[in-house]
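The values are calculated or read from the model by the stated rules, or taken from the named source; none is laboratory data. Being a predicted model, the structure only gives us computed values, none of them experimental. Cβ coordinates were reconstructed from backbone atoms using ideal geometry, including for glycine residues, and neighbour counts include every protein chain displayed. What goes into the accessible areas is simple: the full protein's heavy atoms, side chains included, and nothing from ligands, DNA or RNA. Shrake-Rupley method; radii C 1.70, N 1.55, O 1.52, S 1.80 Å.
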Amino acid sequence: MKADILRKKFLEFFKNKKHRIVESDSLVPKDDPTVLFTPAGMNQFKKEFLGFDSGFKRAATSQRCLRTDDLDKVGKTTGHHTFFEMLGNFSFGDYFKREAISWAWEFLTKELKINPDKLWVSVYKDDDEAYGIWLNEVKVPSKKIVKLGDKENFWPSEAKEKGPNGPCGPCSEIFYDFGKETGCGEAVCDPSCSCGRFVEIWNLVFTQFNRKEGGRLEPLPNKNIDTGMGLERLAAIMQGVPNNFKTDLFIPLVKEIQKSTENRAQRTEELTNAVADHIRAVVFSVYDGVLPSNEGRGYVIRKIIRKSCLALRAMGIKKPFFYKLVPVLAEIMAEPYPDLMLRKEDISEVVLSEEKSFIAVLNTSEALLKEKFLPFFKNQDPEKTGKLAFQLHDTYGMPLELTIDWLKKNGILFSQQAFDRELEIQKTRSKNQSTMKGDVFAIKELDYGVKETKFSGYKKFLLNSEILKVYQENSEVKKLSLGESGVIILKETPFYPEAGGQVADTGFIKKGKNVFEVLDTKKSGKVILHIGRVKSGSFKKKDLAQAEINLERRLSIARNHTATHLLQAALRKVLGQHVQQQGSLVSDSRLRFDFTHFKDVSDEELSRIEEFVNEYVMNNLKVDTGSMALKEAKKTGALAFFGEKYGSKVRIVSVGNLSKEFCGGTHLGQTGQIGLFKILQESSVASNVRRIEATTGIFAYRKVKEEEVVLSDVSKLLNTGLQNITQEVERRSLHIKELEKQLNAQKLSSVRNSLDDLIKDAKNVNGKLLITKVFEDVNMELLRKNIDLLKEKSRNTVIALASVNQGKVLLVMGVTNDLCDKGIDAGMLIREVSGFIGGSGGGRKDFAQAGGSKPENLEQAFGKLREII
């Protein structure tokens, strides 16, 4: 049975059991700092587990998950993965153990028709209730029910003793028995044995306790169910294979890797499986907006890509190849993720770019290793070289074997123990990042005792509403008086809370002469909070008040928000369909839009983008909004921000036939209301992520006027008309360059005349000549020419020339060829002394250069140079 059918059967089964089928959440958990990536199906339901009413008490999902704590085991075992899909059913204070157990058994044995004789179960050692249900109601023989302890059958594992605090409880697992011929072969073998005969299929967690400090367990008033079943393992069982990598989820990837491996002798099942696993983690991370970088989630993805490149290299594939697996995976996952087919080329570009960068590092490893280990040629320190080897492995992905070979070749001692210690520290850090921190259900939102606030701000800007609650410093109060700051919760409001990159509305809540100024608006769950200060009078619960937003500010925000949609359309038209939103800020005065793109945006492209947006503005296109089911909305091709979590119903904002996006923000009715769109700046904010900052309306007009004033001032200074400014600046620049050229020629002539004196004044240091000289205001080109001239006239000489200008110093070094042959290296020398001048440098054996900010230390630098020689 194919994985697509299994996924569908699972969701249909629980739909028939009155469960809400919820879309998989992103791999990037929203508003959840306890984990780096989504590690389980329950993560998106934390609020529901805490009692927040989302309109359903039962849910089922097929959640995409990513875990990195067992990264080194991936490929070596039959069932470890970084990326996997977790099938899960959940109850929030509704059904409990009896239903969870009986439905799990029914799905496996009746729906999938797995032979009950092949199934075993485990229960927590003290959970007599679960044991009784399995034995007496489901009729599992007692010999096939195994009682296990806190580590195996309590969630979180060992929570009673070690924490964390929060909801927890016993669990019951269902195992598949591959038979006596598999595993240890012992007569007494059950799911507590790790021989491989028994594979866990499904884990049923019964969240019935709340752990307090000291390990005290209190019964929860509402008991919850949280289950998880790995689709990959289930597919292996249903397809009759003992290895997840032999299922239809992996076979096309494995075959593609095998087909492309140059040397069959180098190909290993372990490496092939690891690469097939890793492409899934990388593709779905990029799909969810995570791009390779040097920190956080991006670092994890970069590390996985580099690990895959090394595996492919070990199998003889030394050119970029990993990216070629993206369309293969898109085909495999086409049914649950049809939009992945549309984005496969963009994701391939990201992976290819990262592959190329890493392969370049590997191809230039000789130079990198020489630069990093230079200090240890003379001063051996195995402990430090071990730590540095790990840093190269961790930061650049440099294979340890390659580093060790190079160190041996160059006679540098290395401590494997130091490397291993650093590796363990990093593993612990990585594990901590991908597992829960603090309380299990750490959540900052208060329970305000209000179900929800009705938001009417799309159409109403002024309305009357009842005050439901008044808060001050997170505590409910009877009233807010003159001068006091606090929070007012209304039954209905026109105020838009900060969300989706759009800033909050401001304005006033009034009751006769009583005035509360709303300075900010936030959302907590479904409750809208009006944050501000009482300007006059007082406000209390049950007061009837008038809520009025700052309409002029709201319109400015709407101009920028609608313009953001036009900007994305223009970007995709000019740069390509790979452009995807990575973040945004929409305020009243400006907008900021971050997007994926793999190179700099040229001035010409930027000009075209701005022109297209203004063209869309002038066309006065109609802006329409509407709501529809998330599944239907995806079929329309509407663009989504991949860092955002969407509910079962979504709001779509359409601009003519030009743009269609998921968006909950406030917009104009026609694009013509934007007036004018002006780009302020374009920049890079991360690897493969660009940023455009722009403004609209009166703010754009003011910016244009500012630039006109600057141009007018420049025109007057140059004594020429506006239309001739460019030509006049070019003419004067050429004139200045000519004058600089003449000045440099004079300086060179002057220095040339003193070369013989420099050679004559050279100091003999340990049988070698050393020339040092400091010039005033001489550029790098001139210093370089003097080095070349001195080398032509000298032998057995080291030359160090410096130039000082306005607190900055340039330093160049040259070594004559005869000394280069004896092993004296200008690059090494300048690295040793550049620290004295407050800078750094490098170069070749015969020439090197550096810059710094401490010219006063030049004599110390020259002294260090004499000492080294």
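A few points about this structure:
- Residue within segment 549-571 that is of a type in the set (S, T, N, Q) and not in a helix (DSSP H, G or I) present: yes
- Restricting segment 519-542 to residues that are over 16 Å from G449 (Cα atoms) and among the hydrophobic types (A, V, I, L, M, F, W, C), the residue that is most open to solvent (accessible area, probe 1.4 Å): L519
- Among strands (runs of 3 or more DSSP E) entirely within segment 752-839, having at least 2 residues that are within 28 Å of K372 (Cα to Cα) singles out 768-776, 797-805, 808-815.
- Cβ pairs under 6 Å, 6+ apart, first in segment 766-787 and over 11 Å from L748 (Cα atoms), second in a strand (DSSP E or B) and of a type in the set (A, V, I, L, M, F, W, C): L770/V798; I771/I799; T772/A800; K773/L801; V774/A802; M780/L810; I787/I799; I787/V812
- Selection from segment 608-650 of residues that are more than 26 Å from L680 (Cα to Cα), in a loop (DSSP other than H, G, I, E, B) and not small (G, A, S): T636, E644, K645, Y646
- Positions within segment 402-428 being surrounded by 12 or more Cβ atoms within 10 Å (Cβ to Cβ), out of contact with any Leu (no Cβ under 6 Å at 6 or more places or on another chain) and assigned to a loop (DSSP other than H, G, I, E, B), in sequence order: N410, I412, L413, S415
- Applying the criterion of being surrounded by fewer than 17 Cβ atoms within 10 Å (Cβ to Cβ) and out of contact with any Lys or Arg (no Cβ under 8 Å at 6 or more places or on another chain) to the residues of segment 162-189, the residue that is farthest from L6 (Cα to Cα) is K162.
- Within segment 791-808, residues that are within 17 Å of K773 (Cα to Cα) sit with their Cβ atoms under 8 Å from residues that are part of a loop (DSSP other than H, G, I, E, B) and of a type in the set (D, E), at 6+ positions apart or across chains, in these pairs: K791/D846; S803/D777; V804/D777; N805/D777.
- Checklist (1) assigned to a helix (DSSP H, G or I); (2) open to solvent by 60 Å² or more (accessible area, probe 1.4 Å); (3) at pLDDT 85 or above; (4) not charged (D, E, K, R) applied to H393, failing item: (3)
- Residue pairs whose Cβ atoms lie under 7 Å apart, sitting 6 or more positions apart in sequence or on different chains, and linking a residue in segment 416-427 that is within 8 Å of G386 (Cβ to Cβ) to a partner that is open to solvent by 70 Å² or more (accessible area, probe 1.4 Å) and of a type in the set (D, E, K, R), are A418/E383; A418/K387; E422/K387.
- Selected residue (only one of N744, N764 is surrounded by 13 or more Cβ atoms within 10 Å (Cβ to Cβ) and closer than 30 Å to I799 by Cβ): N744
- Residue match in segment 651-669 (condition: modelled with pLDDT under 95, in a helix (DSSP H, G or I), out of contact with any Lys or Arg (no Cβ under 8 Å at 6 or more places or on another chain) and among the acidic types (D, E)): no
- Complete set of residues in segment 190-202 that are open to solvent by less than 40 Å² (accessible area, probe 1.4 Å) and free of Cβ contacts under 8 Å to residues at least 40 places away in the same chain: R197
- Of S365, S357, all but one fail to be of a type in the set (G, A, S), closer than 23 Å to R302 by Cα and either open to solvent by 50 Å² or more (accessible area, probe 1.4 Å) or in contact with a strand residue (DSSP E or B) (Cβ under 7 Å, 6 or more places away or on another chain) (or both); the exception is S357.
- Neighbours by Cβ (under 7 Å, 6+ apart or cross-chain): first from segment 133-160, in contact (Cβ under 8 Å) with a residue 60 or more places away in the chain; second part of a loop (DSSP other than H, G, I, E, B) and surrounded by 13 or more Cβ atoms within 10 Å (Cβ to Cβ): P156/P164; P156/M436; P156/V440
- Boolean, S607 is of a type in the set (G, A, S) and open to solvent by less than 30 Å² (accessible area, probe 1.4 Å): no
- One residue from F516, F495, F508 being part of a strand (DSSP E or B), of a type in the set (F, W, Y) and open to solvent by less than 30 Å² (accessible area, probe 1.4 Å): F516
- When residues of segment 693-740 are limited to those that are assigned to a loop (DSSP other than H, G, I, E, B) and of a type in the set (S, T, N, Q), the one nearest to F595 (Cα to Cα): T720
- Of the criteria (1) in contact (Cβ under 8 Å) with a residue 40 or more places away in the chain; (2) in contact with a Gly (Cβ under 7 Å, 6 or more places away or on another chain), which one G183 fails: (1)
- The single residue among I21, I5 that is among the β-branched types (V, I, T) and open to solvent by 70 Å² or more (accessible area, probe 1.4 Å) turns out to be I5.
- If you go through segment 669-703 and keep only what is more than 14 Å from N614 (Cα to Cα), over 32 Å from the mean Cα position of the chain (by Cα) and surrounded by fewer than 17 Cβ atoms within 10 Å (Cβ to Cβ), you end up with G669, I698, R702.
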